[in-house]
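Read the structure below first, then the notes.
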Amino acid sequence: MKKYLEYVIVIGILLITLVGVLIYKKSTLKPYDRNYFYMDTYINVKLYSNSENKALKALDEIDKIFMEYHNLTDMYNSYEGGLYNLNNGSTSVNPKLKDIISYGYSWYSKSDGLLNIAIGNVSSLWKEYIKKEDGVPKLSTLEKLNINIKDVIINDNITLNNNVKIDLGAIAKGYTCDEVAKYLKSIGITKYIINAGGNVLVGEKVKEDGYKIGIQSPYEDDKLVKILKISDKAIVTSGGYNRGYTYNGVKYNHIINPKTLYPANNMLSVTVISSSSALADALSTTLFLMDVETGMEFIKAYDAEAIWYLKDNVYMTDGFKNYE
Amino acid sequence: MNKQDIILCLSVFIIALLVLVFIRLPKKGNVAIVYYDNKEILKINLKIDNTYTVKGYNGDVTLEVSNGKIKVSDEISPKHLCSRQGYISNSYESIICLPNKIVVKIDDSEIDAVVMLWN
């Protein structure tokens with residue numbers, strides 16, 4: 001009888017421990033992540049969930065979202081209702097693409113013409129030079145290309161007049177990251193890191209401090225200039241020469257100023273933090289095209305912070321240090 | 001219960017606790033992880049100097065480990081950005097070969113993400 005009792009105790013302890021482990025595992029948020037290759041970028045999404053099934057389904061769904069927006073905003077390959085077709089004479093445009101274009105269009109007046117989605121003809125020509133890493137297009141050639149935003153007509157459909165072409169490079173990634181975050185929130189996943197290279201968007205914090213997000217140094221590629229602690233925010237960098245080239249000792253980046261038709265060279269990089277990734281993306285491009293002083297004033301109208309890196313100087317908005 | 005039974009009970013309990021702890025602790029170490037597209041294809045011990053070859057989208061990608069650092073030494077791509085990048089050794093760094101859909105990361109990062117100069 002005594003022996004029997006001992007077995008019950010041992011088995012009891014085992015069972016309780018097992019149940020404890022199972023409950024612990026179930027209640028613990030685990031990270032799940034996946035790589036994606038869209039929009040000419042390496043993208044990694046990590047989300048925290050207590051259900052593997054739900055997490056994996058979400059990662060599959062996110063693949064579809066990125067693919068859809070990649071196809072819609074691709075300038076070089078044809079997809080139904082997509083940008084390539086629109087740029088080449090089609091007027092039937094996917095409603096989601098129309099939304100991005102409308103968003104981008106609104107930035108023309110907000111940025112006093114610096115963020116101009118109608119820059120397609122000029123940016124495409126520069127991309128050819130960036131690709132071959134040789135030569136620089138002539139100003140007279142660039143000036144003949146139409147980048148007039150007034151030739152973009154948005155009604156029920158979108159009409160592009162006088163061969164004007166749209167380039168959504170400045171906002172497509174940021175906009176899409178917001179869409180991915182919206183989807184995650186809609187299925188109850190609130191903790192996540194969406195990392196699309198120069199665009200990072202994070203959800204609610206997992207650890208007390210929030211997420212630790214490094215900013216790649218514009219001075220030395222293999223260093224970080226800052227490590228920020230952020231949650232529920234988007235952080236976007238514009239600048240750097242990773243997508244540019246050097247010719248005759250001069251470095252050319254890929255962000256073209258629509259007023260000069262040449263790459264901007266006010267600074268090495270600018271990083272923006274705000275609650276929307278589309279906003280941070282648009283703002284960072286706009287700030288990159290302005291001198292720091294103008295940008296400092298400009299950003300005051302937005303719920304956003306920024307840090308500017310110049311060759312010999314660093315500037316930041318007052319609120320930026322709250323993230324350090 | 002005799003002494004042995006108590007020892008048995010205690011050891012079961014300790015083993016269970018250990019299991020709990022191990023579930024919780026993330027694995028850390030001097031390891032590089034190589035991904036092809038969305039799949040992890042190789043874990044590399046950075047403490048041993050060696051050369052590895054993996055299949056990328058355009059063909060073979062060669063990785064070289066030396067003195068705890070890793071680099072892509074050979075790959076097929078238009079601009080060879082990732083082999084031009086050279087060695088990485090910091091945990092927050094990664095090598096990204098877009099045309100080959102190969103990503104190399106170091107496994108013990110305290111940093112959740114890096115905003116890169118790609119925009």
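Tabulated data
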read-out: Residue check for A:VAL206: at the interface with chain B (Cβ under 10 Å from one of its Cβ atoms), in contact (Cβ under 8 Å) with a residue 60 or more places away in the chain, outside any strand (DSSP E or B) and not charged (D, E, K, R); value: yes
read-out: The listed residue being more than 16 Å from the chain's Cα centre (by Cα) and at pLDDT 95 or above, out of B:TYR57, B:TYR36; value: B:TYR57
read-out: Any chance A:LYS229 is touching a Gly at 6+ places or on another chain (Cβ under 6 Å), more than 17 Å from A:LYS311 (Cα to Cα) and either outside any strand (DSSP E or B) or touching a residue at least 40 places away in the same chain (Cβ under 8 Å) (or both); value: yes
read-out: The stretch A:209-226, residues that are of a type outside the set (Val, Ile, Thr), assigned to a strand (DSSP E or B) and without any contact (Cβ under 8 Å) to a residue 40 or more places away in the chain; value: A:TYR211, A:LYS212, A:GLY214, A:GLN216, A:LEU224
read-out: Residue within the stretch A:165-185 that is in contact with a strand residue (DSSP E or B) (Cβ under 8 Å, 6 or more places away or on another chain), more than 8 Å from chain B (Cβ to nearest Cβ) and surrounded by fewer than 15 Cβ atoms within 10 Å (Cβ to Cβ) present; value: no
read-out: Among residues of the stretch A:103-147, those that are in contact (Cβ under 8 Å) with a residue 24 or more places away in the chain and surrounded by fewer than 12 Cβ atoms within 10 Å (Cβ to Cβ), counted; value: 4
read-out: All positions within the stretch B:43-70 that are closer than 30 Å to A:LYS132 by Cα and crowded, with 19+ Cβ neighbours inside 10 Å; value: B:VAL54, B:GLY56, B:VAL61, B:LEU63, B:ILE70
read-out: Residue under evaluation A:ARG243, criteria (1) assigned to a loop (DSSP other than H, G, I, E, B); (2) facing chain B (nearest Cβ under 10 Å); (3) over 23 Å from A:PHE37 (Cβ atoms), criterion not met; value: (3)
read-out: In the stretch B:60-108, the residues that are of a type in the set (Gly, Ala, Ser), assigned to a loop (DSSP other than H, G, I, E, B) and within 9 Å of chain A (Cβ to nearest Cβ); value: B:GLY86, B:SER89
read-out: Checklist (1) free of Cβ contacts under 8 Å to residues at least 40 places away in the same chain; (2) touching a Lys or Arg at 6+ places or on another chain (Cβ under 9 Å); (3) outside any loop (DSSP other than H, G, I, E, B) applied to A:LYS251, failing item; value: (2)
read-out: Residue list for the stretch A:262-314, filter: within 30 Å of A:LYS138 (Cβ to Cβ) and of a type in the set (Phe, Trp, Tyr); value: A:TYR262, A:PHE288
read-out: Residue in the stretch A:229-245 that is surrounded by fewer than 19 Cβ atoms within 10 Å (Cβ to Cβ), among the charged types (D, E, K, R), over 30 Å from A:LEU139 (Cβ atoms) and under 21 Å from the mean Cα position of the chain (by Cα) present; value: yes
read-out: Matching residues, the stretch A:19-45, being aliphatic (A, V, I, L, M) and either facing chain B (nearest Cβ under 10 Å) or within 16 Å of A:LEU201 (Cβ to Cβ) (or both); value: A:VAL21, A:MET39, A:ILE43, A:VAL45
read-out: For A:PHE288: the one exception among (1) touching a Leu at 6+ places or on another chain (Cβ under 8 Å); (2) within 9 Å of chain B (Cβ to nearest Cβ); (3) among the hydrophobic types (A, V, I, L, M, F, W, C); value: (1)
read-out: Criterion (aliphatic (A, V, I, L, M), closer than 28 Å to A:ASP63 by Cα and crowded, with 17+ Cβ neighbours inside 10 Å) met by exactly one of B:ILE102, B:ILE76, B:ILE111; value: B:ILE102
read-out: Meets criteria (farther than 27 Å from A:ASN44 by Cβ, at pLDDT below 95 and aliphatic (A, V, I, L, M)) for B:VAL31; value: no
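The values are calculated or read from the model by the stated rules, or taken from the named source; none is laboratory data. Source: prediction; values computed, not measured. Cβ: placed from backbone, ideal geometry, glycine included. Neighbour counts: every protein chain shown.
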